[in-house]
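Readers should treat all values here as calculations from the given coordinates under stated rules, not as data from a laboratory. This one's a predicted model, so the numbers in the text were calculated from it and none came from an experiment. Glycine gets a Cβ as well: all are built from the backbone with ideal geometry, and neighbour counts include every protein chain shown.
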Amino acid sequence: PKAETKHQLETGISLLLLDAENLKLDINSELFLASVCKYPLKFKMAFANWKNPSIGKQDIELYNRGYQLVHVPEGKDSADAKMIAFGACIVRSYPTVKEILVCSSDGILIHLCNELQNQGLIVYWVRRQGQTLHIENRNTGKLTHYSLAMATEVPSLEKVVEQIQDLIKNEQDSINTRLHRLTTIASLFQERSNITNKSNHKQPEIEEITPIIDNLSAQSIQEEDSAEIPNEKTLDKLLLKILQDIQTKSPQTQVSVSKLGSELRRITGESPNSIIKKLKLGSNFTKYLKSSPTFTLKMNGKEYEVMPLFSE
């Protein structure tokens with residue numbers, strides 16, 4: 001026992017004082033407060049008029065979590081007064097205590113905080129504002145914030161910037177990894193083709209595959225970061241470009257309204273009807289093309305075929 005007492009004197013402990021009439025601490029909040037302390041949280045005391053029906057079943061919950069319950073009679077600031085009286089002589093009752101958590105939003109508790117600091121203790125004043133706990137280290141002035149709604153620490157601006165930078169870096173690494181895999185697949189494809197096509201003396205080159213990979217990469221970036229179409233003129237130019245590209249690749253292809261709309265969605269990331277409504281050019285994509293002086297529609301089976309009246 002003597003050796004254990006000496007060890008405790010060397011290491012120290014933390015102690016929590018809670019005004020249960022003023023502040024409610026759930027288990028997650030308590031664990032966070034314990035993590036703020038340098039020394040282990042060994043003793044927890046809660047002060048309240050436990051006969052008060054507004055307290056509810058806090059006494060049962062806190063008792064099950066290891067709190068010592070201190071009862072005070074009914075009256076304004078009774079719990080605060082008892083906390084101050086008890087806390088002023090805390091070192092005599094708990095000689096190994098090094099840190100104190102004073103949990104109450106009542107301003108009168110600043111007197112207890114000052115007294116404990118004068119006794120050489122590290123004091124944390126825990127107050128609630130809305131859905132946030134503010135933990136103030138009275139010795140250093142450092143503030144820590146804890147979100148009750150999210151059950152997590154509210155990070156500083158510097159930490160938020162670091163987290164955003166980490167997310168961006170991880171996304172870049174992920175894209176680079178996928179591109180590396182595509183290159184590997186292309187190389188394997190070339191090796192396989194070299195084996196199977198020797199009799200024809202025709203060997204697909206890696207240079208033929210690389211542009212496909214580059215195009216896929218550019219396409220994904222374009223889809224993720226597409227610009228909005230500002231006006232009707234820009235829309236018509238883009239639609240003409242889509243028609244031209246399709247007919248260049250497949251001269252015999254008939255471009256339906258649905259195919260044109262699908263290509264427009266792929267490039268802009270928006271549905272054709274959404275673009276038309278946003279630019280206030282009508283109620284839907286098909287009606288716009290019908291009324292447009294740039295395009296003409298021709299019924300082909302069950303679908304309209306789109307053709308330009310002129311091209312620039």
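Calculation over all alpha carbon pairs of the range 1-144 in 5 angstrom steps from 0 returns a P(r) of 2, 10, 20, 23, 22, 14, 7, 2, 1, 0 percent. Potential lengthening of the chain between residue 297 and residue 169 amounts to 41.3 nm, from the contour at 0.36 nm per residue minus the alpha-carbon distance. Loop-resident trypsin sites (Lys or Arg not before Pro) (DSSP state other than H, G, I, E or B) in the range 29-130 with no more than 13 further Cβ atoms inside 10 Å of their Cβ: 38, 51, 57, 65, 76.
The H on the amide N of residue 295, modeled in the peptide plane, is under 5 Å from the matching H of 309, each at least 5 residues off or on a different chain. With a threshold of 32 Å on the Cα-Cα distance, the over-threshold entries among 169/280; 249/287; 42/142 are 169/280. The GluC sites (Glu not before Pro) of the range 9-74 that DSSP puts in a loop, and whose beta carbon has at most 11 other beta carbons within 10 Å, are 74. Cross-link check: pairs 51/82; 51/98; 24/82; 24/76; 237/290 evaluated at a Cα-Cα cut-off of 23 Å; pairs beyond the cut-off: 51/98.
In order along the range 116-126, the phi-based Karplus estimate (6.51 cos²θ - 1.76 cosθ + 1.60, θ = phi - 60°) of 3J(HN,Hα) comes to 5, 4, 5, 8, x, 9, 7, 10, 10, 9, 9 Hz; Gly and Pro are listed as x. A cut-off of 5 Å between modelled amide H atoms, ignoring neighbours fewer than 5 places along the same chain, links residue 72 with 48, 49, 50.
Report the trypsin sites (Lys or Arg not before Pro) located in the range 243-311 that are in a DSSP loop and have at most 15 other Cβ atoms inside 10 Å of their Cβ, or state none.
On the way: sites: 249, 259, 265, 266, 277, 278, 280, 287, 290, 298, 302; in loops: 280, 302.
Here the trypsin sites (Lys or Arg not before Pro) that fit, given the DSSP loop and packing criteria, are 280, 302.
Spin-label model, residue 28 to residue 42: label points 7 Å out along the Cα-to-beta-carbon direction sit 3.0 nm apart. Working note: Karplus 6.51/-1.76/1.60 with θ = phi - 60° gives the range 139-147 the couplings 7, 10, x, 6, 10, 10, 10, 10, 7 Hz, where Gly and Pro are set to x.
Per-residue Karplus couplings for the range 89-97, computed as 6.51 cos²θ - 1.76 cosθ + 1.60 with θ equal to phi - 60°, are listed in order as 10, 5, 5, 5, 7, 10, x, 8, 5 Hz, Gly and Pro entered as x. If amide H atoms are built 1.01 Å from N in the plane of the peptide, which residues on other chains or at least 5 residues away come under 5 Å of the amide H of residue 148? For residue 148, whose amide H was placed from the backbone, the distant partners under 5 Å are 132, 133.
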